[in-house]
Each structure stands twice: as C-alpha cells, then as structure tokens.
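Student: Sharing a structure below in structure tokens format, with a few things to ask.
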Amino acid sequence: MSDQKPLRIVGQPVERADAHAKVTGRARYTVDLAKPGMLHAKVLRSPHAHARVVSVDIAAAAAMPGVRAVTTGPQLAEWVAMPVYGYFIKDQPILAMDRVRYEGDMVAAVAADTEAQANAALALIRVEYAALPDLPDIDAALDTDAPDLFPETPRGVVPPYGQGASAQLWPRKNVCYAFRYASGNASVFERCDHVFDDEFRFSRMNHLHLEPFVCVAEWREGDEIEVVTSCQNPFPLRKEIARIFRLAESRISVKVPFVGGGFGAKNNCKTEPIALVLSKMTGRPVRFCMTMEEGFLTNTQHAAVLKLKTGVMADGTLVARQSHILLDSGAYSDASPLVAEKAGYRVSGPYRYQHVESLCECVLTTTTPAGPYRGFGGTQATWASESQIDMIARRLGLDPMEMRLKNLVALHEPWMPGESGVDSDMAEGLALVAEEIGYDRPRDAAPGWSRGRGLAIGFKDGGGVNKPAQARVKVSTGGDIHLMCGTVEIGQGARTALAQVVAEILGAPLARVEYLPLDTRYTPFDQGTNASSAITVMGQAVQRAAVSVRNQVLQMAAEHLGTDAAALELEDWTIRHGNEAHPLAPMIMHIYGGTGFEFTGDGFHKQANDHQAPLETKSVFWEIGWAGVDLSVDRETGQVKIHALAVSGDAGRAIHRLVCRGQDEGAALMGLGQALFEQMVYDGSRLINGEALMYRVPLAEDLPDRFTSILQEQGHGPGPFGAKGMGEGTMLPVPPAIANAIEDAVGVRIRDLPLTPERILSAIVAAQG
Amino acid sequence: MSLISKDGALRVAFTLNGRETTVETVTSRVLSDLLRDDMNLKGTRVSCGRTVCGACSVLVDGFPRAACSTFAFEVEGRDVQTIEGVEAPDGTLDPVQAAFAAKSAFQCGFCTSGMILLAKSLLATHPDPDRATIIAWISSNICRCTGYELIVEAVQDAARAMREGPKS
Ligand code: FES
Ligand code: FES
C-alpha cells in the first residue's frame, strides 16, 4: 500500500500536532496541575554521604501550622507493602530505613497546605546520624577496605540472555551487577601484529530536563489511585506502584500529559511513591514537585572507567577486543544493570572483529544514583571505542578514516553472531560528514593555533530489548479518528509522527487524528518511551491498528456495494470505486442503523524472542550517528575553537524531516557539552555544582560557527514506510570526534572527559617534555 | 500606587497583556507565582527558579524579565506581557509564534513561551538581526532539547515575515 501511492502526509512538511499548544503556552504539563484540597509534599534529605540513621524526631514538625502528615522510612510499614523499588534489583527505599547512602538521600517527608509550610516543618525534624566512611568514586568503592554499602544483599533478578551473554548479581563487594558478552576465540590475539591497551574516563552529566520531577497523586476512597506524573514509562511505573502498595494494576490510573523533557531521567519511581503515601495518610491529593537542585540529587548519567585491549594487524584490520567497563552507579542500582548490558554489548562499536569479550560492572558509590540517560551506555562505550580506533590508526601510521572504512560491518551483515543485519551503509554516512567538514582540506590555522579534524561513529542497538507495544485506532461514524497508545510526548514529536502514520493509512487529513490522553487504565499497554523505539516499535503497532480499521471499512463497503474490497479506495472518509464516490457516514448509518458504529483496530508489535540473539531478541534497528569536527587549538592556552561540527543520522525514512533534524541537532549539542565542559563536579561525595547557575549546559552561544546536520534516508528501517528510530545516535560520536580532532591538531590524546583547556594544555606541556 | 499594610498584603496595579489589572497580593509573592497560581496563566513556565534558565521570561515594558525572580510589587505601573497575550484577540498567531510552529523550533515546549517572548523583544529593537545578534539574545535562555539551530532559523523567518508585512 505504501509503495505504490505517493505519500500525502508521511515525509511532508506538516505542522507538528503539538505546535499550536506549545507556541501559545496552552500546552499543559504535570507541573501545571492543581486539584481542590491539594497538599504539597517536601522531603528532608541527608546531609551525609553515608551514615546510619540513629533516630528521627518528627514531633515538632507534625505540630506545625498547615502540616497534615509527616512520615519516615521506618513508619512506612503502616502504609506500604514493600518499602523498596528498583528495576532489576529492589534496593532503593522510598525513604531511608536505617541508613543513608548519599548526600540527598530522602529521610523524611511532609505534606502541608503550602510548600512554604512543608519546608518550614522540615527544618524542625531532628535526625541523629552516625557517620560511616563514604565511597566517593569507583576506586574507593572497590578498595579492599571499603565498607559494604549493602551489608544485607538486596534481592534482584537477572533476565534471560542468549548466545554469548550472561550476567551476575552482586559478583563482588559494592558491585551490584556484572554483564558479560563474548564471541569468538581469544586465541586470535596471538596472531595480531599489535595489541594496544588503553584506558578512558567518562564524566557524568545531569539530564537537566526543564520540567522538574513532579506528580499529583490521589489515593481515593475504596483504594483507587490516580497519579498524574511527568514520566516516560507509565506502565512499568504502574507495576512498581502495584507492588509497593500491593494493589491490583486495574485500580491504578497513571496519567501522563505533555512532558517537559526527560532524556532518560523520568523512568520509574521518582516522586510518586512518597506522594501516594502522603495522600493515603491524609485522604487528600498530594503534589510533590522537586526543585531543579533536587533533580541533581535524584538521577544522573553514569561516570565510567573503560579499559580496552584491542588486537590489530599492521594493515589496520581489527581482530579482537577485550573490554572492562566500570560504571559509577551511585548509591542505588536504578537502571544500572540495563545500562551495563548496553555499554558492555556495544563497546566494540560498528566494526568487524573475530573475537570480542567484555565485562561491564556496576559499582555502587555514595553519590546520586545513576540511571538511564540518552545514549544509555552507548555514550560511554563510544567515547572509549572511537577514541581508541583513532589512536590505533595514528600509531600504525594509517588515516583514521581509512582504517574505519576498512573495518565497518557492511550493510545487511549481522553485527554479531545471531544479531540482525546492520540497516545503514555506514561508509556512506562517514563520507557525508567527512565531506562536510573538509576532512582532506589543508589545515590552515591562525598564528599560535593548530588545526585538526576528527571523525567518529556512534553505534547502538535501537528499539529496546524485549519491548512490546500495543496500539488502538478507533474511527467513529463521522470519520473522527482516535489514536490510543502509550508513547509519551516528551518533545520527540511522537504524537505527530504516529498520527501521520495513521492519517496516511486511513487516507485522512492529519487534523482528523486525535492522540488521546494517556491513562494506563484505558490506553493499550506499552513498555515505555525510551530506546528511540517510538517509531520502529510503537509505529508498527500503530500501523497495524490503522491497517486493521482500513480493512474493516473496505470490507464493509465491499459487501454493501457488492464488489471486491481490492477495487475500493478509502479517502477522506469516502469510498472511491472507480469514478464513484460513496461517503461513509450515510453508508454506516444505513448498515448499522441510526446510532452509528465505531470501527476499532488493535495493533501489536514485538521483536520475536530468539535465543540465538545475545540479548534474547535481535536488535529492532541500529541507531547510528556520524560526526565530523573541524577545529583549532590554541597551543598557548589549550583553548579549543570549533569551526565546524557536522552530524548525520539515518532516519531510514523520515516521517517528519524537521522533527528528525531537531532530534539530531539537540542530541549533538548535548554531546558537545559533554565533550567540552558539562559535568557534575564532586568534591569527595559532595556535588558542588548541583544547581542551575554553577552547572553549565550548552547555550546558543556555544554553537559552532558551522553546525550542520545531514539527514539520511537510506530506506532500510523496520518501521512504517521504512523508518528507523532517531534521537540518541548523534550524541554518541561528538565527544570522541572532538578528541580525535584535538590529537590531529596538536598531537596529544586526552582520555578523560570533558576536554577542558586545562587538560589539553597540560598534555601539550607534557608532550613538549 | 501600591498600598502595603502591616501584614505584607498589598495591591498592585499594572497592565497585563494590554488590560489594566489590579491584584491583591503579598510582598513576598513573585510574579511567576502570581501569574501561574493566582491568575491561572500557566503558559509562563518555571524551571530553575533562580534567573538562569529563562523559561519564565515575560516582557516587562517590552524587555525580558525572569518572572521567577521578580517580585509582584516590582511591576506596579508597568506593562507586562506573557505568552497568553502574544496571539491576536481573534486567535491569529503572532509572526514569531507562526515561525516557531512552522519551523518546529521546539520539542518538549517547556522553554518555548520564554523563547518566543525573548524573540519578540529582540525583533522589536532589531527588525533585521544578524545571526550573531540572534545568538547573543537567545543565549540568555536554556533550551535542553533543540540544539538552538531551529530556534535561530525561526527567529530569522519571523524577522523576514514581519518586515515583509502580512501576506495578502
Ligand atoms: S525559572 Fe526563572 S529563570 Fe529559570
Ligand atoms: S523545547 Fe524542550 S527545552 Fe526547549
């Protein structure tokens, strides 16, 4: 169907479905919601990185004006069935039980008539702590003398893995999860002409989504609950809430309006359990809105140490790679096991090897828990991998671009044994960015400066592992289209793209499609808005639902007209049969009687289970980002001036070109910040720049002189009309491309992020001896 | 004139989106809370709450101000414009809004109210701004989503549309 007819809506420059709401300020987010009688929650946070909680006295706080409830971890037993949560490992307490594990860990919660009253009450809660030694970083946590952050091992699960992959819970002290992957035989190292060992460090960023973590929770009469929340994965959240409160999922309504950014942070429990407890205690709706400073204490990216050992032939042919990655998981496991899986799996990058072996461990430290972050382990892996590929090329006297081209996995070639074929021609993308930055042009520079160019490829499996998605399309008698699915509109344009798919299939104008509000009680099931999965996974479910409705309508019309459905076309809620036009509304009224009818189509998609695939399902698609950088370095100061940054992603088929462009550019600029300056700075276990003024994020003035994003549409995607997912790929290659260009310019290699002038200058000075 | 009583209650008279407005409030009230919580004008977004991100930008006498860090009493006698006052009374979008919509110069939309007001202020003083000027102005606000490039282009488009006047 899609192949024969020219597309009317898909790929066309239509206005985003949320454009009017967002440019007029009418869009409503969770943070805008208020309910009658609503209370405000605030929490008391630990000033210690690691301590035993000896006692908590809440009496004075509870007596304060406006205060309706105060609670602490040990008191939760009265209100919850399970006081802990987590993805694979249930280790994070709703409120600290007997121990705090990072500065900012939540100790007590207050609900009051106003936020000011709640804050005033917090000041009167007296907590006695007995300090314990802290574990500020990976080295400290792995030290033989380090205290155990969890003397009693929390329970967890390891999911099933396929060919070559495995994992273990709590393999050693302060390590909550270890993922391993291996393919081929390590003996090939012996045949290599060279083996290189290199170590890299990756600094962590905060998500800095502008809408804070916020929810409004209401525990209603008869144990029915409603949570409106700024969240990326309402269905898994529902499951956690059901488990925490031992309540049927059918009694829980999780609703998600527009979300003001997430970048991974808004997965799983954040504000919701505390707000629900306080609502249950008071019988009133409770709003829990964290400040941006609290956001810094809630979830972050993973800092990492990555050790790579890579064997190569003298001509640059890659042979084998062994990797050991240590992720700084912060105080609780959160999504660390999943991130470890991805970092460990992706670390060999887009190249062909005879042998790969990786171990990725999640190390618990007394810092903010690390969780999902755009790129999901791929960012850390790409930083190390693409840096080392360049270093090896230079050591062998080869051009880094040539060496990459020599080793890239080809289009349609399985990436690893049992995996799906790579669905982009990676050489094509590399050539595009190289051309755009003038990779081969002379390296002219201002006096005192040196010019350099660098390339990198970000490579990750996309679409999520074991990710089911369901969708429903309903069309009423008059042709009004209802689209129901669990993809959250977090800015990525999902409402628009999915509505475009439906409108295209049903021959309807885009404005006819209404994306219904998300409520877990009525919206079909979805695993979550993550892994760039909306268009490839949910898109296929939506496509099937729409095709089902279309077929039902055509079938009904064919029977009514006494012809074959294949002879009919559906266009603007009218059946076309040759030169005849039959409006559908009167036909439906005629067939079903005066009250009319509603056509309902359901769609489901899930990548098939496959034990030959390392992660139990083949990758849905491959998300690839190419980057090229042209820069100069001031040899006196270590200052970097970026002349051009070119990135490219392959949308397979762009459903909406500007939306794709925005995703690629937003991701690339996040990568630029990561490369040059953005990081959470710790003094021991204390975060010292955890607020907006001190924490530097990219601004418009940080844009390179030339910033180009090249949207490819290679056409090999599994999604509707050949689409692939977008939105993470172009973040990955930017930091290594910049580090590679710096080495090209001044001959020094920086292995630690960010690439600050101080680091570059001291490397230049050291190299001069 | 504002009248402050002993308990901190006061009356503030100002122009809000073209209308004379008087509110009873307290000395500690900031403009963003006054707009959002007392007047239900939720289009002004609050993120950092400390004059850094610009999500809460409103125009006071035509220039951007962080509503999160402006006391309500500071707008006594002034002209305040919020995102709700940008479109024409008949609902026609302002050229800046139209350009942001057409260019998809937003994603999550949380910075958009502030960015649009910032751009309006820029174009009121610089009808034909060059790229460097646009970048200098919008660098006062954070957008975590877009990478800014589409915002810069939308501002350029809006400037062009405003110079050329309404299409016949
Ligand atoms: S919320 Fe006012 S400047 Fe950030
Ligand atoms: S669109 Fe999300 S912050 Fe700008």
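Student: With a point put 7 Å past each Cα toward its Cβ, work out how far A:His582 is from A:Asn551 in nm, to one decimal.
Tutor: With each label placed 7 Å out from Cα toward Cβ, I get 2.0 nm.
Student: Tell me what chain A gives for mean residue ellipticity at 222 nm when only DSSP H runs of n ≥ 4 count, each as -39,500 (n - 2.57), the sum divided by the residue total, rounded to 500 deg cm²/dmol.
Tutor: About -7500 deg cm²/dmol.
Student: Turning to a different aspect of this structure: Show A:Trp449, A:Trp219 ordered by accessible area, largest first, where the area counts protein heavy atoms only and the probe is 1.4 Å.
Tutor: Result, largest first: A:Trp449, A:Trp219.
Student: Separate question: Relative contact order of segment B:3-83, please, whole-number percent, based on alpha carbon pairs below 8 angstrom and at least 6 residues apart.
Tutor: Here the relative contact order equals 34 percent.
Student: Could I ask something else about it? Taking Cα pairs under 8 Å and at least six residues apart, what relative contact order does chain A come out at, in percent?
Tutor: That works out to 15 percent.
Student: Quick one: if you stick a label point 7 Å off each Cα along the C-beta vector at A:Arg395 and A:Val157, how many nm between them?
Tutor: With each label placed 7 Å out from Cα toward Cβ, I get 4.3 nm.
Student: Over the Cα atoms of segment A:575-697, what radius of gyration and what Dmax do you get, in Å?
Tutor: So, for segment A:575-697, Rg and Dmax equal 27.0, 84 Å respectively.
Student: To the nearest whole number, what is the average tally of beta carbon atoms from other chains within 10 Å of the beta carbons of peptide B:97-106?
Tutor: 6
Student: In square angstrom, what is the accessible area per residue of segment A:678-732 with a 1.4 angstrom probe?
Tutor: Value for segment A:678-732: 36 Å² per residue.
Student: What FRET efficiency comes out for the pair A:Lys173/A:Gln12, r = Cβ-Cβ distance, R0 = 60 Å, nearest 0.05?
Tutor: 0.55
Student: Further, regarding this structure: How do the peptides A:556-564, B:112-120, A:298-306, A:411-419 rank, highest first, by the average count of neighbouring beta carbon atoms within 10 Å per residue?
Tutor: Going from most to least packed, we get B:112-120, A:298-306, A:411-419, A:556-564.
Student: Also, quick follow-up: Stick to the Cα atoms of segment A:711-769, pair each with every other, and give me the Kirkwood hydrodynamic radius in Å at one decimal.
Tutor: 14.1 Å
Student: Do any GluC sites (Glu not before Pro) in segment A:198-304 lie in a DSSP loop with no more than 12 other beta carbon atoms within 10 Å, and if so, which?
Tutor: Loop-located and lightly packed - A:Glu221.
Student: OK, next. Remind me, relative contact order of segment B:95-164 in percent, using alpha carbon pairs under 8 angstrom and six or more residues apart?
Tutor: Computed value for segment B:95-164: 52 percent relative contact order.
Student: Kindly provide the Kirkwood hydrodynamic radius of segment A:518-647 in Å, to one decimal, from all pairs of distinct alpha carbon atoms.
Tutor: Answer for segment A:518-647: a Kirkwood hydrodynamic radius of 19.9 Å.
Student: Please report, largest first and rounded to whole Å, the three semi-axes of the ellipsoid equivalent to segment A:540-601, where each semi-axis is the square root of five times an eigenvalue of the C-alpha gyration tensor.
Tutor: Equivalent ellipsoid semi-axes, largest first: 18, 16, 10 Å.
Student: Here's something else I'd like to know. Using a/c under 1.5 as the rounded threshold, could you call segment B:66-107 rounded, prolate or oblate? The axes a ≥ b ≥ c are square roots of the C-alpha gyration tensor eigenvalues, and prolate needs a/b larger than b/c, oblate otherwise.
Tutor: oblate
Student: Using a Debye calculation, one point per C-alpha and no hydration shell, please list log10 I(q)/I(0) for segment A:89-234 at q = 0.10, 0.11 Å⁻¹ in order.
Tutor: -0.67, -0.78
Student: Over the Cα atoms of segment B:3-83, each weighted equally, I'd like the Debye log10 I(q)/I(0) at q = 0.22 Å⁻¹, rounded to two decimals.
Tutor: -0.99
Student: Heavy-atom accessible surface, probe 1.4 Å, ligands and DNA/RNA ignored: which residues of segment B:109-126 lose at least 50 Å² versus the isolated chain?
Tutor: Checking the loss per residue gives B:Phe110.
Student: Something else now. Got a number for carbon plus sulfur as a percent of the protein assembly as shown's accessible area, 1.4 Å probe?
Tutor: Answer for the protein assembly as shown: carbon and sulfur cover 50 percent of the accessible area.
Student: Wrap a convex hull around the Cα atoms of chain B, take a quarter of its surface area, and give that in square nanometres.
Tutor: The directionally averaged projection comes out at 10.0 nm².
Student: Which value, in nm² and rounded to one decimal, describes the direction-averaged projected area of the C-alpha convex hull of segment A:642-740?
Tutor: Orientation-averaged projected area of the Cα hull: 8.1 nm².
Student: Moving to a separate point now. How fast does chain A diffuse by Stokes-Einstein, in µm²/s, taking the Kirkwood radius from C-alpha pairs at 10 °C and 1.306 mPa s?
Tutor: Taking Rh from Cα pairs, D becomes 58 µm²/s.
Student: Do the alpha carbons of any pairs in A:Lys239/A:Lys724; A:Lys239/A:Lys280; A:Lys90/A:Lys307; A:Lys239/A:Lys266; A:Lys307/A:Lys467 sit beyond 20 Å of each other, and which pairs?
Tutor: A:Lys239/A:Lys724; A:Lys90/A:Lys307; A:Lys307/A:Lys467
Student: Over 28 Å apart: what share of the alpha carbon pairs of segment A:26-168 falls there, rounded to a whole percent?
Tutor: 35 percent
Student: Hey, another quick one. Using the alpha-carbon atoms, what tilt in degrees (0 to 90, nearest 10) does helix B:149-164 show relative to the longest principal axis of chain B?
Tutor: The two axes meet at around 90 degrees.
Student: Within 10 Å of each Cβ in A:206-215, how many Cβ atoms from other chains are there, averaged over the peptide?
Tutor: So the per-residue partner count for this stretch is 4.
Student: Go ahead and collect, in residue order, the members of segment A:206-226 whose backbone nitrogen is under 16 Å from a label point 7 Å along the Cα-Cβ direction of A:Ala21.
Tutor: Within reach of a label on A:Ala21, which here means backbone N under 16 Å from a point 7 Å along Cα→Cβ, segment A:206-226 contributes A:211.
Student: Turning to a different aspect of this structure: Loop only by DSSP, 14 or fewer other Cβ within 10 Å of the Cβ. Give me the GluC sites (Glu not before Pro) in segment A:587-670 that pass, ordered by residue number.
Tutor: A:Glu636
Student: Testing the spin-label approximation: label points 7 Å from Cα along Cα→Cβ at A:Tyr522 and A:Ala248. State their distance in nm.
Tutor: The answer from the label model is 2.0 nm.
Student: Over the alpha-carbon set of segment A:211-347, divide Rg by the Kirkwood Rh and report the Rg/Rh ratio to two decimals.
Tutor: Over the Cα atoms of segment A:211-347, Rg/Rh equals 1.16.
Student: Sticking with this structure for a sec: Using a Förster radius of 25 Å, what is the FRET efficiency between B:Asp130 and A:Lys5 based on their Cβ-Cβ separation? Nearest 0.05, please.
Tutor: That gives a FRET efficiency of 0.05.
Student: In addition: Just subtract the alpha-carbon distance of A:Ala130 and A:Arg657 from 0.36 nm times their residue separation and send over the number in nm, one decimal.
Tutor: Taking A:Ala130 through A:Arg657 to full extension adds about 184.0 nm, to one decimal.
Student: Can you tell me the dipole magnitude for chain A around its Cα centre, using point charges on the Cβ only (Lys, Arg +1; Asp, Glu -1), in Debye to the nearest 20?
Tutor: With Lys and Arg at +1 and Asp and Glu at -1, about 940 debye.
Student: Calculated FRET efficiency, A:Lys641 and A:Met313, Cβ-Cβ r, R0 51 Å, to nearest 0.05?
Tutor: 0.90
Student: For segment A:456-547, list log₁₀ I(q)/I(0) at each q in 0.10, 0.15, 0.18 Å⁻¹, using the Debye formula over Cα point scatterers of equal strength and ignoring solvent, two decimals each.
Tutor: Debye output, listed in q order: -0.25, -0.54, -0.74.
Student: Now, a different point. Give me the compactness ratio for segment A:375-521, meaning the Cα radius of gyration over 2.2 N^0.38 Å.
Tutor: Against the compact-globule rule of thumb, the ratio is 1.55.
Student: Would you please report the Å³ per residue occupied by the convex hull of the alpha carbon atoms in segment B:95-164?
Tutor: 69 Å³
Student: How do the peptides A:700-713, A:517-530, A:343-356, A:88-101 rank, highest first, by the average count of neighbouring beta carbon atoms within 10 Å per residue?
Tutor: Top of the packing list down: A:343-356, A:88-101, A:517-530, A:700-713.
Student: Within 10 Å of each Cβ in peptide A:29-36, how many partner chain Cβ atoms are there on average? Round it to a whole number, please.
Tutor: Mean partner shielding for this stretch: 3.
The values are calculated or read from the model by the stated rules, or taken from the named source; none is laboratory data. What you see is a predicted model; the values in this text were computed from it and never measured. Neighbour counts run over all protein chains shown; Cβ positions are idealised from the backbone, glycine included. Side chains are part of the model used for accessible areas, which takes the heavy atoms of the whole protein and leaves out ligands, DNA and RNA. Shrake-Rupley method; radii C 1.70, N 1.55, O 1.52, S 1.80 Å.
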